[in-house]
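Have a look at the structure below before the remarks.
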Amino acid sequence: IECAADVCSVDGQGFSLFFPFVRSAVLSVDEGKKLVLTNIGLKDFQSDHVQLKSGAQLEFGNNVLVGVSRELKLSSNIRISGKVCIDCGGNKILFDDGFGFVFDDNGELELRNGYVEDLSNRHNPFLLAANSKLLLRDIACTLNGDFTFGRGGLGIAGVCTLSTRKHSFNYVSASPLVIKNMSKLLFEQDSVFSVAVPIGSKALQFMGQNSC
């Protein structure tokens with residue numbers, strides 16, 4: 001399937017698109033064009049399934065649910081402009097250097113049930129805008145260098161773990177780090193976590209008595 005218009009908008013109307021197990025392109029977006037997906041499920045999606053030619057973009061709008069049954073590897077950027085959920089199915093999500101999620105100002109991404117490894121300031125796959133949000137639900141994160149979360153909001157749901165490997169995770173965003181009700185953020189041994197937000201900003205927000 002080829003996207004040749006300036007903007008190709010696909011409204012899945014709640015249905016799902018099933019991708020083959022083989023990592024080969026089934027969608028192609030021409031140079032300088034944009035493919036926008038909304039209200040759709042993407043089963044066993046890999047970024048290799050979409051061929052982005054020079055200057056082309058892939059955008060996830062509202063109500064996009066991605067489900068995977070193996071490692072999810074991003075070898076191109078994905079723009080987040082609406083509410084998006086990626087269920088990793090207990091697998092890792094991997095990023096080629098320089099690629100990741102680019103958020104519009106009101107974009108919201110939930111990563112669920114998986115592992116995010118080797119985060120650092122040099123390799124930051126989450127390019128948030130001021131009012132965008134990243135929610136981690138039952139996610140284990142490890143660092144491979146100091147990492148600064150400087151824009152947008154971060155939410156914690158379920159049980160999330162952070163291992164900094166003696167590097168530091170620095171939260172400096174003006175938006176609060178929100179720990180949802182009945183949720184936990186756990187730190188592995190020798191992890192370093194710091195919060196330094198602008199004066200007048202709330203650093204941490206706990207939603208309910210059973211958050212920690």
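Quick one: is N106 open to solvent by 60 Å² or more (accessible area, probe 1.4 Å) and either polar (S, T, N, Q) or part of a strand (DSSP E or B) (or both)?
yes
Does the stretch 114-153 hold any residues that are among the aliphatic types (A, V, I, L, M), open to solvent by 10 Å² or more (accessible area, probe 1.4 Å) and closer than 17 Å to K83 by Cα, and which are they?
L127, L128, A129, A130, L135, L136 - these are the residues of the stretch 114-153 that are among the aliphatic types (A, V, I, L, M), open to solvent by 10 Å² or more (accessible area, probe 1.4 Å) and closer than 17 Å to K83 by Cα.
Quick one: is F169 open to solvent by 40 Å² or more (accessible area, probe 1.4 Å) and either in a strand (DSSP E or B) or modelled with pLDDT under 85 (or both)?
Taking the combined requirement at face value, the residue does not satisfy it.
Does L111 count as open to solvent by less than 60 Å² (accessible area, probe 1.4 Å) and either of a type outside the set (V, I, T) or touching an Asp or Glu at 6+ places or on another chain (Cβ under 9 Å) (or both)?
Details: open to solvent by less than 60 Å² (accessible area, probe 1.4 Å): yes; either of a type outside the set (V, I, T) or touching an Asp or Glu at 6+ places or on another chain (Cβ under 9 Å) (or both): yes.
Spelling it out, L111 is indeed open to solvent by less than 60 Å² (accessible area, probe 1.4 Å) and either of a type outside the set (V, I, T) or touching an Asp or Glu at 6+ places or on another chain (Cβ under 9 Å) (or both).
Return the pair list, or none, for Cβ contacts closer than 7 Å from residues in the stretch 11-24 that are under 14 Å from G61 (Cβ atoms) to residues that are open to solvent by less than 100 Å² (accessible area, probe 1.4 Å) and in a loop (DSSP other than H, G, I, E, B), at least 6 apart or on different chains.
Listed by first residue and then by second, the contacts come to D11/N39; G12/N39; Q13/N39; G14/N39.
Any idea how many residues of the stretch 91-110 are of a type outside the set (G, A, S) and over 14 Å from G152 (Cβ atoms)?
Narrowing the stretch 91-110 to residues of a type outside the set (G, A, S): 91-97, 99, 101-106, 108-110.
If we keep only those that are over 14 Å from G152 (Cβ atoms) as well, we get 91-97, 99.
Qualifying residue count, the stretch 91-110: 8.
Exactly one of (1) assigned to a loop (DSSP other than H, G, I, E, B); (2) in contact (Cβ under 8 Å) with a residue 12 or more places away in the chain; (3) farther than 28 Å from Q46 by Cα is unmet by Q189. Its number?
The number of the failed condition is (2).
Any residue that is among the basic types (K, R), closer than 18 Å to L135 by Cα, at pLDDT 95 or above and buried (at least 16 other Cβ atoms within 10 Å of the Cβ) - is there at least one of those in the stretch 29-44?
From the stretch 29-44, those among the basic types (K, R) are 33-34, 43; that's our starting set.
Still in the list and also closer than 18 Å to L135 by Cα: none.
Checked the stretch 29-44: no residue is among the basic types (K, R), closer than 18 Å to L135 by Cα, at pLDDT 95 or above and buried (at least 16 other Cβ atoms within 10 Å of the Cβ).
Yes or no: F60 of a type in the set (F, W, Y), open to solvent by less than 10 Å² (accessible area, probe 1.4 Å) and more than 21 Å from F147 (Cα to Cα)?
Yes; evaluated as a whole, the condition is true for this residue.
Among (1) at pLDDT below 95; (2) within 27 Å of N106 (Cβ to Cβ), where does N63 come up short?
Among (1) at pLDDT below 95; (2) within 27 Å of N106 (Cβ to Cβ), N63 violates only (1).
Against the definition (farther than 26 Å from R137 by Cα and of a type outside the set (A, V, I, L, M)), how does Q51 come out, yes or no? Quick ask: steps written out before the conclusion?
Numbers: farther than 26 Å from R137 by Cα: yes; of a type outside the set (A, V, I, L, M): yes.
Yes: the conditions hold for Q51.
Taking the stretch 172-186, which residues are under 21 Å from A130 (Cβ atoms) and in a loop (DSSP other than H, G, I, E, B)?
Correct list: V172, S173, A174, S175, P176.
The values are calculated or read from the model by the stated rules, or taken from the named source; none is laboratory data. No experiment lies behind these values; they were computed from the predicted model shown. No Cβ is skipped: glycine too gets one built from the backbone with ideal geometry, and neighbour counts run over all protein chains shown. Calculation scope for accessible area: heavy atoms of the full protein, side chains included, ligands and nucleic acids excluded. Shrake-Rupley method; radii C 1.70, N 1.55, O 1.52, S 1.80 Å.
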